[in-house]
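The values are calculated or read from the model by the stated rules, or taken from the named source; none is laboratory data. Keep in mind that this is a model prediction, so the values were computed, not measured. Heads up, the Cβs are rebuilt from the backbone with ideal geometry, glycines too, and the neighbour counts pull from every protein chain shown.
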2 protein chains.
Amino acid sequence: MDVFEAINTQRSMRRLKPDPVPDELVWRLLDAAIRAPNGGNRQPWNFLVIRDPETKKRIAEHYLDGWNNSYGRLREVALASEATAPVYRSGEYLAQHLAEVPLLIMATCRLSAVAPVSPAGASVYPAVQNLMLAARALGLGTCLTTIHRAHEAEVKQLLGIPDDVETMALIPVGWPRGKFGAGARLPAERVVYWEKWGDIRAR
Amino acid sequence: MDVFEAINTQRSMRRLKPDPVPDELVWRLLDAAIRAPNGGNRQPWNFLVIRDPETKKRIAEHYLDGWNNSYGRLREVALASEATAPVYRSGEYLAQHLAEVPLLIMATCRLSAVAPVSPAGASVYPAVQNLMLAARALGLGTCLTTIHRAHEAEVKQLLGIPDDVETMALIPVGWPRGKFGAGARLPAERVVYWEKWGDIRAR
């Protein structure tokens, strides 16, 4: 698949079928992830592949609690607006069905391998995006979530993640129930400034 | 270009020609960037396109100082090893020639638009990676740098960036002097764990 097509149709897919994802495809996602740029080529990333039902169930409990605590109180307002209702419903669906997703990938960062002025994410999220674009090209749905971090300590303990390692993203992976396409975005003209902050330019 | 080819050949390109990059291509990079996933679709990103020679010169001074302070003391050790010498020389070249790069793109994040448990980078670096993959497909070299952040306050003042906005990445963009290809990476088997931290698996 053309790189621009993958980029332009990589909608976040939060409604996923429980059907398994073969190892061969999992390796293709991971092979794409580890090609990403990262600070000083220290590759501070690790990726945990999680399929065990009990582990997924416990992560899903932490995730749902995180969702309820952060997004729960926004429910009425979000559902009242046509602009936000579909995304909210989709997020809520994922929070309620995370344990049914066939495959969770947890991307982590070894903090000791990151330079002081660099945010840890600069050396992990490009890899996560590679993984998600590769998934899109293979027909697999993904989204980038961080809501489990509301229970970072418990999730790290569950997975045996050492103290010096931070969880950066939880990526549900599965065959999508819906169709790929473009998410709603402000056009580049609205968010790009030329030479100085605030100076917009027509195309 | 196929998405896997773009991913597999997106080497960081730090030796760039001074030849200009047409606006049409700049828009294609930015159009790719703004398609990226981001937390709650709040799109906390902005992108500053910088070509003004005086602005580039001043950013380059901050960047070189940041380089000297962080990587300067590693010079002898880095150049003594065949594994690290090429990357070091390439980083040093960029630090000494940043003002000659035709185009700098600064990716920023409005911190008020990011959920508390989510690292700001989760909503900006996927866009940065989209931009860099689009550049690769168009034959433009890029790399993701954060060294200017050693002088974050001065750089923000120079560009007129508000208090609530953080600079996340400085992306030099230009026609490469060298060839695209794969950077050296540990294979996925070495960094992927299955079910529990530390549990590796053969392919």
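Against the condition over 15 Å from A:Cys143 (Cα atoms) and among the aromatic types (Phe, Trp, Tyr), how does A:Tyr71 come out, does it pass?
When the stated conditions are applied, A:Tyr71 passes them.
So, B:Leu74, is that one surrounded by fewer than 15 Cβ atoms within 10 Å (Cβ to Cβ), out of contact with any helix residue (DSSP H, G or I) (no Cβ under 7 Å at 6 or more places or on another chain), among the hydrophobic types (A, V, I, L, M, F, W, C) and part of a helix (DSSP H, G or I) or not?
Numbers: surrounded by fewer than 15 Cβ atoms within 10 Å (Cβ to Cβ): yes; out of contact with any helix residue (DSSP H, G or I) (no Cβ under 7 Å at 6 or more places or on another chain): yes; among the hydrophobic types (A, V, I, L, M, F, W, C): yes; part of a helix (DSSP H, G or I): yes.
Taking the combined requirement at face value, the residue satisfies it.
Give me the pairs, please: first residue somewhere in region B:40-54 and under 21 Å from B:Leu111 (Cβ atoms) and at the interface with chain A (Cβ under 7 Å from one of its Cβ atoms), second residue anywhere and of a type in the set (Asp, Glu) and surrounded by 21 or more Cβ atoms within 10 Å (Cβ to Cβ), beta-carbon distance under 8 Å, and either six or more positions apart or on two chains.
none
Which one of A:Glu195, A:Glu100, A:Glu152, A:Glu166 is modelled with pLDDT of 95 or more, of a type in the set (Asp, Glu) and at positive phi?
A:Glu195
Which of (1) farther than 21 Å from A:Val165 by Cβ; (2) hydroxyl-bearing (Ser, Thr, Tyr); (3) more than 10 Å from chain B (Cβ to nearest Cβ) does A:Ser70 not meet, given it meets every other one?
Every listed condition holds for A:Ser70 apart from (3).
Taking interchain pairs and intrachain pairs at least six residues apart, which have beta carbon atoms under 6 angstrom, with the first residue in region A:113-142 and facing chain B (nearest Cβ under 8 Å) and under 16 Å from B:Asn8 (Cβ atoms) and the second aliphatic (A, V, I, L, M) and surrounded by fewer than 23 Cβ atoms within 10 Å (Cβ to Cβ)?
Sorted first by the residue in region A:113-142, then by its partner, the pairs are A:Ala137/A:Met1.
Among (1) modelled with pLDDT of 95 or more; (2) at the interface with another protein chain (Cβ under 9 Å from one of its Cβ atoms), which single condition is A:Arg203 missing?
Only one criterion in (1) modelled with pLDDT of 95 or more; (2) at the interface with another protein chain (Cβ under 9 Å from one of its Cβ atoms) is unmet by A:Arg203, namely (1).
Looking at region B:132-149, which of its residues are closer than 22 Å to B:Pro53 by Cβ, in a helix (DSSP H, G or I) and among the small types (Gly, Ala, Ser)?
B:Ala135
Please determine whether any residue of region B:49-63 is surrounded by fewer than 21 Cβ atoms within 10 Å (Cβ to Cβ) and over 21 Å from B:Arg15 (Cα atoms).
no
Condition first: of a type in the set (Val, Ile, Thr) and either touching a Leu at 6+ places or on another chain (Cβ under 6 Å) or assigned to a loop (DSSP other than H, G, I, E, B) (or both). Now tell me which residues in region A:172-198 satisfy that.
Kept after step one, since they are of a type in the set (Val, Ile, Thr), are these residues of region A:172-198: A:173, A:191-192.
Correct list: A:Val173, A:Val192.
Yes or no, residue by residue, for (1) within 7 Å of another protein chain (Cβ to nearest Cβ); (2) surrounded by fewer than 20 Cβ atoms within 10 Å (Cβ to Cβ); (3) of a type in the set (A, V, I, L, M, F, W, C):
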{"site": "A:Thr146", "(1), (2), (3)": "yes, no, no"}
{"site": "A:Ala153", "(1), (2), (3)": "no, yes, yes"}
{"site": "A:Pro176", "(1), (2), (3)": "no, yes, no"}
{"site": "A:Lys179", "(1), (2), (3)": "no, yes, no"}
{"site": "A:Gly183", "(1), (2), (3)": "yes, yes, no"}
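Are any residues in region A:1-27 touching a residue at least 40 places away in the same chain (Cβ under 8 Å), in a helix (DSSP H, G or I) and surrounded by fewer than 19 Cβ atoms within 10 Å (Cβ to Cβ), and if so, which ones? Explain how you work it out, then say what you get.
Going through region A:1-27, the residues touching a residue at least 40 places away in the same chain (Cβ under 8 Å) turn out to be A:1, A:3, A:6-21, A:25-26.
From the residues that got through so far, the ones that are in a helix (DSSP H, G or I) too are A:3, A:6-8, A:25-26.
Listed by number, the residues that qualify are A:Asn8, A:Leu25.
Quick check on B:Tyr88: is it within 16 Å of A:Asn41 (Cα to Cα) and aromatic (Phe, Trp, Tyr)?
Taking the combined requirement at face value, the residue satisfies it.
Does A:Pro37 satisfy the condition of being in contact (Cβ under 8 Å) with a residue 40 or more places away in the chain and away from every other protein chain (no Cβ under 11 Å)?
no
Which numbered condition trips up A:Leu98, out of (1) surrounded by fewer than 23 Cβ atoms within 10 Å (Cβ to Cβ); (2) more than 10 Å from chain B (Cβ to nearest Cβ)?
Failing condition for A:Leu98: (1).
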